[in-house]
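The values are calculated or read from the model by the stated rules, or taken from the named source; none is laboratory data. As the structure is a prediction and not an experimental result, all values here were calculated from the model. We place every Cβ from the backbone using ideal geometry, glycine too, and count neighbours over all the protein chains shown. When the accessible area is computed, the model is the full protein with side chains, heavy atoms only, and any ligands, DNA or RNA have been set aside. Shrake-Rupley method; radii C 1.70, N 1.55, O 1.52, S 1.80 Å.
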Amino acid sequence: MKPPPFRYHDPGSLDEAVALLATLENAKLLAGGQSLMPMLNMRFVQPDHVIDLNRITGLAHIRESAARIEIGAMTRQRDLEFSDLIRCRCPLMREALLQVGHRQTRNRGTIGGSLCHLDPAAELPMVAAALEADIQVASRRGTRTLPMADFPAFYMTPAIEPDEIVTGLGFTPWPEGHGAAFVEFARRPGDFAVVGVAALLDLDGAGCIRRAAIALGGVGQGPVRWSRGEDLLQGEAATDDTLRAAAESCRGVAAMGDAQASADYRRHLAGVLAGRALRAARDRARRVP
Amino acid sequence: MSEGLIGRRLPRLEDPALLTGRGRFVDDIHIPGTLEAAFVRSPHPHARITRVDATAARRHPGVHAVYAYADLAPHLTANLIPADNRHLAFEANSRPPVLPVDEVCFVGEAVAIVVADSRYVAEDALALVEVDYDPVPGVSDCRAALAPGAPLAHLGAADNVVKTFQTAFGDCDAAFAGAPHVATISLKQHRGSAHSIEGRGVLARPDPVEDRLTVWSSTQGSHRVRNTLVELLRLDEDRVRVIVPDVGGAFGAKHIVYPEEVIVALAARLLGRPVKWIEDRREHFLAAVQERDQYWELEVAADRDGRLRGIRGRMIHDQGAYTLLGMNVPLNASLAMPGPYLLPAYQLDVTVVATNRVGVIPVRGAGYPEGVFAMERVMDSLARDLGLDRAEVRRRNLIPPERIPFDLPLKSRDGTVTRYDSGDFPLCQAKALAAADYAGFPARQETARAEGRYRGIGLANAVKITGRGPFETAIVRIGPSGKVTVHTGAMPMGQGTVTSFAQICADVLGLAPEDVTVVAGDTATVSLGIGGFGSRQTVNAGSSLLLAAREVRAKALAVGALVLEAAAEDLELRGGAVWIKGTDRQLPFAEIARALGGGVGYARPKDVSPGLEATGNFMPPDVTYGNACHVVEVEVDVGTGAVQILRYVVVNDSGKLINPMIVEGQIIGGVAHGIGNALFEWMGYDEGGQPLTTNFGEYLLPTAPVVPEIEIHHVVTPSTVNPLGVKGVGEAGVIPAAAAIIAAVENALEPFGVTLAEAPISPGRLVELMAAGRS
Amino acid sequence: MTAPAPGADARRITLTVNGRRHDVEVETRLTLADCLRHGLGLTGTHLGCEHGVCGACTVLVDGRSARSCLMLAVQANGAAITTVEGLAASDGTLHPLQQAFQAHHGLQCGFCTPGMLITLIEFLGDHPDPDAAAVREAIGGNLCRCTGYQGIVAATLDAARRMRAAP
């Protein structure tokens, strides 16, 4: 289990990186390496070129500006986990991060790498979907952003061109007092989830739901925003019954089955975990007139 | 005499090196000029090989050789790995070939070896070896393999039945006739792998000057490897030395000799250079042995009070593609079933079936977990059907201590009667129930249920054969340096053997354990060796060592008495010398060794044999049986099906304990393995035999957060068949674990009408069963 | 064994391992684990799965634990690396965690041990007073087949006590 031969490039700037990516045939980008390296070791991928993004400065940052949070693609999961800004302003991401792999993998793994690997059960794409993040992309042709809703093209494949690099993501954090919960079921702590649910609720002074977001992972080919459930919550009082109805609707999601878990079980879990996530989010939310 | 070293929790002598990165595992051995190997392996469960063309691979820069069957055949005396276990002999064609001639029978079967400058280059060249496969239908499920018209696991075989046999005693017809209670029970147990964290590995170094071959292998049996190489490569015993370096766990997967060991050794001879092959994890998934796929269909007859009258039925055992160790696993499973219970009549018809999966030999437990699972499921079904408490049903059936030694009317593998030499099974169960507060459980269960939480408790008893002989040599040798060395054919692979043996030897010779050097796993130092399996080493080699150390002690005392002019009873051994008690007069071992080594001018008694050394070859008159009772309390998340183990109590009887810390470590590790077998480890295959779980992301080993603290209590009934009074403990922990855990989960889900008849059980399966139970 | 093959993509890199500087030429595809083991002869770092799950190959890279099978040696160019060989004091005195592993039977075959030690050294730096559950979570990404983890957990709690007492 050793990596196949390739030529290694470690550009020092984004310009250099996009230039390489535009010119090299069969190139793979190497970010934190926690997904690509196992696939190289197992020779599931055999690139002619590996472009290492780790020496590029300016792609690892967490900052808030103009009421938005901007995160560089090469930001390590660990740095997000320990970020006060993330803890205060985006508790959903913090709770999700604690369930991403293990200490050793979070030390290396990046948010950009996780988004691009796009495992259907990965936590950070679910979070990005719930937050309606914009994904920033660069190529020699310039930069563009695309909404997370459009980012997954199909199974484990983002909707970006072969010459494009994800450089970061940005999102508007939910207002002060919102309730967030990330609940997943993994066979063992640190494993990829079988199913995960990200839930966000914003309550008004009367305890009615001003805004809701539900993202499901581990069911479809990528993270699923579950608008049917969100519609059941919108404007309703955040009672157990309301939340239960929304959670139960998640059992209607189209799910894939595999050797690890059947489609039925994944749908069942979506309902159970959505209920837990919505209740936790509701209990954590403050009523803000 | 005793310095009181037996029974003490002494820190292990092995640890300092292992803790500082100075362990020496096979891949840590660097010999200049070593080439590295990788294997071309079949991607098909079953295929004809029509052509192997290595031309392109051989031309690849850095590749030194590619050998397939045709290249190696002229150098082999036979193309079959020799049969190791001649009991219940099996069909010749189910022994694995060294390399397949024209047919592969499981995914991962080695087809050719590539030897290159590095493993990296060797793997590059694998893709260049052109093998034309003509896939033919394979068979994966052992029940399907018995259906008329099923694909054949081996082309040209008449059918997929490797062997049928019956394990039986008593009169089952009489037991069932007029039985007030008769029930049927169907059970399924699934395969897992050993997954020592170090895979297999072998390094072979030819010495053309002396025409010798030195082989380092991560194996459970140095002499077994040596003997196989001698036989297949037509070498003299003294030309082949097999050394077992530090072994990073084994658990059965390193018990047999594999084709890879023969091929690498031969490649090294052909190339005249050292060749190393290190099994990677994917290879371990594909090509290292596995165990536990069995289907049991049982009928049980009992009295209304739950006392067993008889059990009869059929077991189908998946043997995989090859039979590497006779019928060892299915036979053990059938022998294990009666366990600690009074079973008047028993008849199990076993069908051993060939499939296109990797071959089966013991993985920690060797059939015992399966047999125990079957019996314990029977006990729980009796309790349920008869409205009795599960512990009470067991208590009524346990063999009472006054009937020990107890002869089970079963012939064991070596044809002797099965005799439980010692043990107190009701005491163990009672202690376990008390420790786990079994009596208080209904209240805990009720409280939890009131909060919407589902708790369950389960228990299981097991008896395990240990200490199988016929012997294991131990030599104690003290040379002119005065240093004490123990040589043995026993094989450490993590069990603290070095420390336990040093304790035994030092205890007799009045030394500190660190004064004793234990050399194990080197065919150059001991002529005979059997190896590490079946919980046998402390019983056999430990007893041999005790006898040898006593003989050395006697020799030292005899010389001491002569030289110091004192009576033997006035002498003591202390700090590497013989002392006259209460004086400062002493004679160092070094001096005695020189005297007995023939040193000129030294005084020595006439009736003492040469050398301050002795060889022990204790031959146990019989095997010895350990036993255990496990009680487990779990909580099931009925939303997700997740099982959390809240409490795990073990009461274990392994006879006398040399080092309780080490014994407990063995038990805890075994329990963790059993947790895997019960809840996590599922080696998936599709219908044709293609493996579905070939990495650690798909095949789940128990991790620290899912393994609870294990609480251990000892009952000590010394074995009566060896001088140490010990019983083996290497497998003790795993054997009842899955049975107890599954029982606890079933108990938790009683309100859902769930009964469990399989292991492992996944959360998804539990959710499915709860849904079915509700409807 | 780790010398670059002729014509292979290779680089000269500098690694500071356990305080000692090494200049080596490596193929760019060589993993950090293989570089340490076979290039520098530091065989204490073990490979148990080579796909980033077992944790046996864990080393500290600039003070942070990482799976060395999931890094290329070239990526560690210029980095300071700590392996199991670097944990004991220069006079050979074992680190308190190493001592506690021996005292509490935190190892059997010893193959997973280097990765456990390295992972826990970093963990104890961040969490000097952990409870058992936190220790179990911290080693959730390190597989051990021998010990059932119990001795490792006990050793870690004991080492934390010792380290707090004598920082």
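Being β-branched (V, I, T) and part of a helix (DSSP H, G or I) is the filter here; which residues of segment B:17-32 pass it?
The one that is β-branched (V, I, T) and part of a helix (DSSP H, G or I): B:V26.
Here are some conditions: (1) farther than 29 Å from C:A66 by Cβ; (2) crowded, with 16+ Cβ neighbours inside 10 Å; (3) outside the structural domain of A:S262 (by TED's automatic domain parsing). A:L200 meets all but one. Which one does it not meet?
Here A:L200 meets the rest and fails (3).
Looking at segment B:545-572, which of its residues are over 42 Å from the mean Cα position of the chain (by Cα) and surrounded by fewer than 20 Cβ atoms within 10 Å (Cβ to Cβ)?
B:A561, B:L562, B:V563, B:L564, B:E565, B:A566, B:A567, B:A568, B:E569, B:D570
Output the residues belonging to segment B:483-515 that are open to solvent by 10 Å² or more (accessible area, probe 1.4 Å), of a type outside the set (S, T, Y), closer than 30 Å to B:W579 by Cα and touching a strand residue (DSSP E or B) at 6+ places or on another chain (Cβ under 8 Å).
Across segment B:483-515, the qualifying residues are B:K483, B:H487, B:V498, B:L511, B:D515.
Could you check segment C:1-48 and list, in sequence order, the residues that are open to solvent by 30 Å² or more (accessible area, probe 1.4 Å), part of a strand (DSSP E or B) and either within 14 Å of chain B (Cβ to nearest Cβ) or among the charged types (D, E, K, R) (or both)?
Hits for segment C:1-48 are C:A10, C:R11, C:R12, C:R20, C:R21, C:D23, C:E25.
For segment B:240-343, which helices (runs of 4 or more DSSP H) that fit wholly inside it have 2 or more residues that are under 30 Å from C:L47 (Cβ atoms), open to solvent by 20 Å² or more (accessible area, probe 1.4 Å) and hydroxyl-bearing (S, T, Y)?
Working: elements: B:259-271, B:281-287, B:328-336.
In segment B:240-343, no matching helices (runs of 4 or more DSSP H) lie anywhere.
Of everything in segment C:34-69, what is under 10 Å from the mean Cα position of the chain (by Cα) and hydrophobic (A, V, I, L, M, F, W, C)? Give them in sequence order.
The answer is C:A56, C:C57, C:V59, C:L60, C:V61, C:A66.
What's the number of the only condition in (1) surrounded by 15 or more Cβ atoms within 10 Å (Cβ to Cβ); (2) at the interface with chain C (Cβ under 10 Å from one of its Cβ atoms) that B:S42 fails to meet?
Every condition holds for B:S42 apart from (2).
Does segment B:95-150 hold any residues that are touching a strand residue (DSSP E or B) at 6+ places or on another chain (Cβ under 6 Å), open to solvent by 20 Å² or more (accessible area, probe 1.4 Å), within 14 Å of chain A (Cβ to nearest Cβ) and closer than 19 Å to B:R51 by Cα, and which are they?
B:L126, the sole residue that qualifies.
Of the residues that make up segment B:157-174, is at least one at pLDDT below 95 and within 14 Å of chain C (Cβ to nearest Cβ)?
no
Just one of (1) under 30 Å from the mean Cα position of the chain (by Cα); (2) in a strand (DSSP E or B) trips up B:V526, so point out which.
The failed condition is (2).
Yes or no: B:T77 more than 14 Å from every other protein chain (Cβ to nearest Cβ), under 31 Å from the mean Cα position of the chain (by Cα), farther than 30 Å from B:E572 by Cα and at pLDDT 95 or above? Before the answer, list the steps.
Values: more than 14 Å from every other protein chain (Cβ to nearest Cβ): yes; under 31 Å from the mean Cα position of the chain (by Cα): yes; farther than 30 Å from B:E572 by Cα: yes; at pLDDT 95 or above: yes.
The answer is yes for B:T77.
Restricting the search to segment B:114-139, which residues are of a type in the set (G, A, S) and closer than 21 Å to B:P32 by Cβ?
Scanning segment B:114-139 gives B:A116, B:S118, B:A122.
Could you pull out every one of the strands (runs of 3 or more DSSP E) wholly within segment B:166-232 that has 3 or more residues that are more than 28 Å from B:A678 (Cα to Cα)? Working first, answer last.
Working: elements: B:181-189, B:201-207, B:212-217.
It comes to B:201-207, B:212-217.
So A:L21 clears everything in (1) open to solvent by less than 40 Å² (accessible area, probe 1.4 Å); (2) under 13 Å from A:G112 (Cβ atoms) except one condition, right? Which one?
(2)
Look at B:P708 and say whether it is crowded, with 24+ Cβ neighbours inside 10 Å and not aliphatic (A, V, I, L, M).
no
Of the conditions (1) within 13 Å of chain C (Cβ to nearest Cβ); (2) open to solvent by 40 Å² or more (accessible area, probe 1.4 Å); (3) outside any strand (DSSP E or B), A:R106 satisfies every one except a single condition; which number is it?
With respect to (1) within 13 Å of chain C (Cβ to nearest Cβ); (2) open to solvent by 40 Å² or more (accessible area, probe 1.4 Å); (3) outside any strand (DSSP E or B), A:R106 is out only on (2).
Among the listed residues B:E687, B:E633, B:E698, identify the single one that is over 19 Å from C:V53 (Cβ atoms) and open to solvent by 20 Å² or more (accessible area, probe 1.4 Å).
Details: B:E633 fails: open to solvent by 20 Å² or more (accessible area, probe 1.4 Å); B:E698 fails: over 19 Å from C:V53 (Cβ atoms).
From the options B:E687, B:E633, B:E698, the qualifying one is B:E687.
Of the residues B:P442, B:P470, only one is farther than 30 Å from B:R594 by Cβ, assigned to a helix (DSSP H, G or I) and open to solvent by 30 Å² or more (accessible area, probe 1.4 Å); which?
Values: B:P470 fails: assigned to a helix (DSSP H, G or I).
Result of the check over B:P442, B:P470: B:P442.
Out of B:L679, B:L692, B:L646, report the one residue that is among the aliphatic types (A, V, I, L, M) and crowded, with 20+ Cβ neighbours inside 10 Å.
Sole residue among the options that is among the aliphatic types (A, V, I, L, M) and crowded, with 20+ Cβ neighbours inside 10 Å: B:L679.
Considering only segment B:466-490, state which residues are of a type in the set (D, E, K, R) and over 20 Å from the mean Cα position of the chain (by Cα). Spell out the reasoning first.
Filtering segment B:466-490 for residues of a type in the set (D, E, K, R) gives B:468, B:472, B:477, B:483.
Within segment B:466-490, B:R477, B:K483 qualify.
May I ask you to say which residue of B:G423, B:G452 is free of Cβ contacts under 8 Å to residues at least 24 places away in the same chain and open to solvent by less than 50 Å² (accessible area, probe 1.4 Å)?
B:G452
With respect to the numbered conditions (1) assigned to a loop (DSSP other than H, G, I, E, B); (2) under 19 Å from A:I62 (Cα atoms), which one is the sole condition not fulfilled by A:Q99?
Every listed condition holds for A:Q99 apart from (2).
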